[in-house]
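The values are calculated or read from the model by the stated rules, or taken from the named source; none is laboratory data. Everything numeric in this text was worked out from a predicted model, so none of it was measured. Glycine gets a Cβ as well: all are built from the backbone with ideal geometry, and neighbour counts include every protein chain shown.
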Amino acid sequence: MTTLQHCIDLDTQDPLRSLRTLFSIPSGTIYLDGNSLGVMPAATPSRVADTVARDWGTDLIQSWNKNGWFAMPQHVGNKIARLIGAGDNEVVATDSTSINLYKVLSAALNMAAVDSPQRKRIVSERINFPTDLYIAEALCKERGLELVLVEPEGMAAALTAEVAVLMLTHVNYRTGAMHDMAALTAAAHAAGALMVWDLAHSAGAVPVDLSGACADYAVGCGYKYLNGGPGAPAFVWVNPKHANRFWQPLAGWWGHAAPFTFTPDYQPAPGITRYQCGTQPIISLAALDCGLDVFAAAEALGGMAALRTKSLALTDLFIALVEERCAGHGLGLATPRAHAERGSQVCLTRDEGAYAIVQALIARGVVGDYRAGDGGNHKDILRFGFTPLYIGFEEVWQAVEHLKQVLESGEWQRPEFNRQHAVT
Ligand SMILES: *Cc1c(COP(=O)(O)O)cnc(C)c1O
């Protein structure tokens, strides 16, 4: 049996423990939702205040040059690049994940239309995050293409000579299951398709090597594991071998080679800069920059490899404690046990009461979230994200202790925990 003392000892031995002090975490909260909205870095309020009061308030429009505003998407993008196996000047932080996906998917389809016009399909996974599927569906409508959705085991068979693009999310938002990026990218290429990855639940959570996998396009999220704040700019990466080939469809002036020449025709900027559209959200970029500074601090302590080791130890511990201490309460495990197939979250299933159990936990200060099932193969899910930058092993113990008490007492059945909110 795992003991509380063992968990406390793991915290004492944790080489990344000091990183927690770089965040502002409300006392009494065990925050297991960093996969949905990361916590606030301690440096963010003053950085945002400076951007507003000093840069905007005092230097005004001169800030575009004087305070580095104009280059912020590239500056922040370079910090993200280090976490995802991309090079300098290959990533920009801009727009939302949904919008960036529209841009890269369009560019990939433009490329396929020239190189292999007989290919009329996008393949994705049925349980991919909905916005990814909606964007793909819209593009298919616009271009007379077909979106084919498969289960993971059906992927190989779906990669036929009709497929233009394989579009996948690396770590699944519902189950925490992680794809083998290198193998699937190679399979897509072997079938003659381009590979688009969504790294929303990967960037800052698990090591990613886009260059090593020879992927074609990638997008990802700034407000989850990167701790950039609500609605933080997302990011976009294009393999440098494709970056200059095509325009992306939102050809705004910030993606122009020389925006301040104000010419009437569009000349795309070289490289990833053409993936910008319009004027960038500088205050939000400043907040995201603070989130990335924490990863720079983590670099000295072993970087993503050390974070991954800790993340797996946290999720292993959570699974073991749930199985030891909450047995007999109808909980199942939706997340793969194999390390190579697991992201940084653990999802539990329960036939009844998943939503209410999560609400009862939140009332006790243990913040996870709930994702509804689809009435078929995919059950209701209690979802717990473990951000190795700031979550400790004793917190895992305490979270499971609360879960045990909520289940044993039947507290989750109270009416106040069974009322649905707009955002789950
Ligand atoms: C969180 C998430 C998004 C979010 O997209 P937004 O445009 O930021 O709302 C998209 N895709 C995946 C896979 C996600 O996990």
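Among the residues of the stretch 99-145, the ones that are within 16 Å of the ligand (Cβ to nearest atom) and assigned to a helix (DSSP H, G or I) come to 18 in all. May I ask you to list pairs of residues, at least six apart or on different chains, whose Cβ atoms are under 6 Å apart, with the first in the stretch 350-369 being under 15 Å from R419 (Cβ atoms) and the second being of a type outside the set (A, V, I, L, M) and assigned to a loop (DSSP other than H, G, I, E, B)? Partner pairs satisfying both residue conditions: A354/D380; A356/N418; V358/G368. Only one of the numbered conditions (1) surrounded by fewer than 21 Cβ atoms within 10 Å (Cβ to Cβ); (2) under 22 Å from P26 (Cα atoms); (3) under 23 Å from the mean Cα position of the chain (by Cα) is violated by G303, and that is (2).
Determine, yes or no, whether A334 is of a type outside the set (K, R), surrounded by 18 or more Cβ atoms within 10 Å (Cβ to Cβ), at pLDDT 95 or above and outside the structural domain of V171 (by TED's automatic domain parsing). So A334 fits the description; yes. Considered as a group, the residues in the stretch 1-55 that are without any contact (Cβ under 8 Å) to a residue 60 or more places away in the chain and not in a helix (DSSP H, G or I) include one that is farthest from A205 (Cα to Cα), and that residue is T3.
Here's the yes/no breakdown for (1) in contact with a strand residue (DSSP E or B) (Cβ under 6 Å, 6 or more places away or on another chain); (2) aliphatic (A, V, I, L, M); (3) touching a residue at least 60 places away in the same chain (Cβ under 8 Å):
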residue	(1), (2), (3)
A93	yes, yes, yes
I99	no, yes, yes
K141	no, no, no
V148	yes, yes, no
M178	yes, yes, yes
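Only one entry in L285, L321, L312, L292 is within 16 Å of the ligand (Cβ to nearest atom) and not in a loop (DSSP other than H, G, I, E, B), namely L285. What pairs come up if the first residue lies in the stretch 221-245 and is on the phi > 0 side of the Ramachandran plot, the second is in a loop (DSSP other than H, G, I, E, B) and more than 11 Å from the ligand (Cβ to nearest atom), and their beta carbons are under 7 Å apart, counting only those six or more places apart or on different chains? Qualifying pairs under 7 Å: N227/G38; N227/V39. Report yes if V148 is in a strand (DSSP E or B), in contact with a helix residue (DSSP H, G or I) (Cβ under 9 Å, 6 or more places away or on another chain) and away from the ligand (no atom under 15 Å from the Cβ), otherwise no. The answer is yes for V148.
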